[in-house]
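Trainee: Here it is, the structure in full.
A short reminder: the numbers here are calculations on the coordinates, not readings from a lab. Owing to the predicted nature of the structure, the values given are computational and were not obtained by experimental measurement. Cβ atoms come from the backbone with ideal geometry, glycine included; neighbour counts cover every protein chain shown.
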């Protein structure tokens with residue numbers, strides 16, 4: 001069975017390659033592997049997480065602004081009951097927009 005994790009207790013010995021040798025290309029590959037192990041490959045995932053967090057925050061802020069602007073007669077249930085619900089990620093603001101606003105169908 002192959003292990004895909006490095007054993008940090010026993011680091012690999014460092015060899016100084018001579019210029020022009022095949023060991024120099026091996027050192028470049030090792031440096032590229034070290035850069036990937038530092039988390040540089042995870043940068044797009046982190047950016048996506050930040051963007052998703054900002055969208056979630058904007059969705060909750062929009063729901064809170066809408067709740068503050070509406071009359072109590074236009075909101076199902078007490079307005080203060082919706083305030084803590086808006087802090088539930090994605091579900092709270094979505095529930096407010098779907099079920100918390102009275103839509104008079106005439």
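Trainee: At 0.36 nm per residue, minus the direct Cα-Cα distance, what do residue 62 and residue 30 gain on full extension? Give it in nm, one decimal, please. Could the numbers behind the result be given before it?
Mentor: On the way: separation 32, 0.36 × 32 = 11.52 nm, distance 4.83 nm.
That pair, residue 62 and residue 30, stretches by 6.7 nm at full extension.
Trainee: For the pair residue 95 and residue 51, how long in nm is the line joining their label points, each one 7 Å along Cα→Cβ?
Mentor: Modelled inter-label distance: 2.9 nm.
Trainee: Ok, one more. What's the extension gain from residue 42 to residue 87 if we count 0.36 nm per residue and subtract their Cα-Cα distance? Could the numbers behind the result be given before it?
Mentor: Details: separation 45, 0.36 × 45 = 16.20 nm, distance 2.81 nm.
My answer for the length gained is 13.4 nm.
Trainee: Can you list the residues of the range 66-94 with backbone N under 20 Å from a point 7 Å past the Cα of residue 102, pointing along Cα to Cβ?
Mentor: It comes to 66-83, nothing else.
Trainee: Using alpha carbon coordinates only, what is the Rg to Rh ratio of the range 42-100, with Rh defined as the Kirkwood radius?
Mentor: On the way: Rg = 13.6 Å, Rh = 12.2 Å.
With Rh from the inverse mean 1/r over Cα pairs, Rg/Rh is 1.11.
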